[in-house]
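Peer 1: Dropping the structure in here first, questions after.
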Amino acid sequence: MNIESIRRCYFLSFLLVMLPFLICAQGEAGVRAIISVTACEFFENYLHLLEDEETLIIDGRTQEMFSEGHLKNAINIDADAPNLLELLHPHLGKSRILLYCTTIRRTTDIMNALNGVYKGEIILISDGFRGWRQNGFPVWGISPVNPYNPEEKGL
């Protein structure tokens, strides 16, 4: 066997192994957009989505963490819930999902659960609620007095 035959053999083996993965990846290309932004980038470019009826805002933290403060109009779906997909299912009709947790671990779990069942756009806040709070952005659900002030942060 010469070197060219060996290369062809390796190439064909590679194709046989990788072809199913390449076909699956092509089948899903363009079906779902995933946008990762920091809290600052979200605040500067996507803040209007907190009021958008076609955007589902999911806080993936625990109920206890959620009750200590969350983004406006967020719902709490704990990423560690054993019935995560069942909890997500009623909300899959929205065209866009905004995901966040404390940092990113739970967000990744929710994205994995959505894989293959949700075809809309996903926006995740990569530095999560921690980044949101560290930047002093408005937080809901922490007291009867809403800390939101439209004059602050350029709103």
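Peer 1: Using the Karplus curve 6.51 cos²θ - 1.76 cosθ + 1.60 with θ = phi - 60°, work out ³J(HN,Hα) for each residue of region 67-73 in order, rounded to whole Hz, and write x for Gly and Pro.
Peer 2: 5, 8, x, 7, 6, 4, 6
Peer 1: Could you list the chymotrypsin sites (Phe, Trp or Tyr not before Pro) in region 40-74 that lie in coil according to DSSP, counting only those with at most 13 other Cβ atoms within 10 Å of their Cβ?
Peer 2: Sparse-neighbourhood loop chymotrypsin sites (Phe, Trp or Tyr not before Pro): none present.
Peer 1: While we're here: For residue 122, what residues show an amide H to amide H distance below 5 Å, using hydrogens built from the backbone and excluding near sequence neighbours?
Peer 2: 33, 34, 35, 97
Peer 1: Could you give each residue of region 81-89 its phi-based ³J(HN,Hα) in whole Hz, using Karplus coefficients 6.51, -1.76, 1.60 with θ = phi - 60°, and x for Gly or Pro?
Peer 2: 5, x, 10, 3, 5, 5, 5, 6, 3
Peer 1: Per 0.36 nm of contour for each residue apart, how much would the distance between residue 95 and residue 54 grow if the chain were fully extended, relative to their Cα-Cα spacing?
Peer 2: Full extension from residue 95 to residue 54 adds 14.2 nm.
Quick note: the coordinates plus some simple rules give every number you see, no bench work behind them. Computed from a predicted structure; not experimentally measured. In this analysis, Cβ positions are derived from the backbone assuming ideal geometry, glycine residues included, and neighbour counts consider all displayed protein chains.
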